[in-house]
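Each remark here refers to the structure printed beneath this line.
The values are calculated or read from the model by the stated rules, or taken from the named source; none is laboratory data. Small disclaimer: the values here were computed from a predicted structure and weren't measured. In this analysis, Cβ positions are derived from the backbone assuming ideal geometry, glycine residues included, and neighbour counts consider all displayed protein chains.
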């Protein structure tokens, strides 16, 4: 009797749907972040970003304009509330995990794979810590995630509309933090080093470049009229970072910050991407970005 009823029971067992996987990940992210970010008081950098929000401009010496604009928006919505100030980083964090789930779906992962990918990101101290403060980092992570999501679709489909969307995402990312240049370098290597280089002969990359430059143009113009202040600032900052962040420290902190689950999934994901000729351009992204910051001596939370 039990042998005949077991298959029926397994057939009626509810299955996890893609929407349910996304909802679980987003809800978990919100709960975990709200349970932790209110335990800490003001960070000194948050006061600086709030102050820049009172002096809006097309550019600043040490970062682009998205963070000050969002600081102004936060003040308009929540006043001087610290909890209110950290709502926008939370929303950015939710966006990152949601895009991660969608990327897993685009790459052929079922609902359980999507759930694992999203929850791994939620439990990573690297992303949890970034969303706990109002700073450029969570918004930078969101724009990177958006660029990567569009890039996955680009590799899978490769049409001009997706190239234009990628250019738009890059243009927005440029207003958030200049680390997007590292991702562009990795994308260039990934396409040139694989069969995807044929796409570089189409109109798509040129259209993407035009859109990205058009969006970023006001900030570039600000830099040009202010003697490329950010380049000088980054050059001086890099000299200090080189003293405090030798390559071994960067690698160790990256591994610790990502955590064992994300690190293991990254290794498995890299192997799968590398074995697929179509997806191999994506496999180049992580190694090239890490090498970029090893050579230029970035901090462990770059990008």
- Message: Test of understanding: among 76, 51, 71, which residue is under 16 Å from residue 177 (Cα atoms) and at pLDDT 95 or above?
- Response: 71
- Task: Tally the residues that are surrounded by 14 or more Cβ atoms within 10 Å (Cβ to Cβ) and within 23 Å of the chain's Cα centre (by Cα), restricting the search to the range 63-87.
- Result: 15
- Task: Just one of (1) touching a residue at least 40 places away in the same chain (Cβ under 8 Å); (2) crowded, with 21+ Cβ neighbours inside 10 Å trips up residue 95, so point out which.
- Result: (2)
- Message: Going through 142, 133 one at a time, which residue ends up being under 17 Å from the mean Cα position of the chain (by Cα) and part of a loop (DSSP other than H, G, I, E, B)?
- Response: 133
- What tally of residues in the range 100-118 results from selecting those that are surrounded by fewer than 20 Cβ atoms within 10 Å (Cβ to Cβ) and over 15 Å from the mean Cα position of the chain (by Cα)? 10
- Residues of the range 179-193 classified as crowded, with 19+ Cβ neighbours inside 10 Å and part of a loop (DSSP other than H, G, I, E, B), total: 1
- When residue 243 is evaluated against the numbered criteria (1) loosely packed, with under 13 Cβ neighbours inside 10 Å; (2) in a helix (DSSP H, G or I); (3) at pLDDT 85 or above, which criterion, by number, is the only one it fails? (3)
- Quick one: in the range 194-225, which of the residues that are part of a loop (DSSP other than H, G, I, E, B) and either modelled with pLDDT of 95 or more or in contact with a helix residue (DSSP H, G or I) (Cβ under 7 Å, 6 or more places away or on another chain) (or both) is nearest to residue 164 (Cα to Cα)? 203
- Quick one: residue 257 ticks every box in (1) assigned to a helix (DSSP H, G or I); (2) within 22 Å of residue 63 (Cβ to Cβ); (3) more than 16 Å from the chain's Cα centre (by Cα); (4) touching a residue at least 40 places away in the same chain (Cβ under 8 Å) bar one, so which box is it? (3)
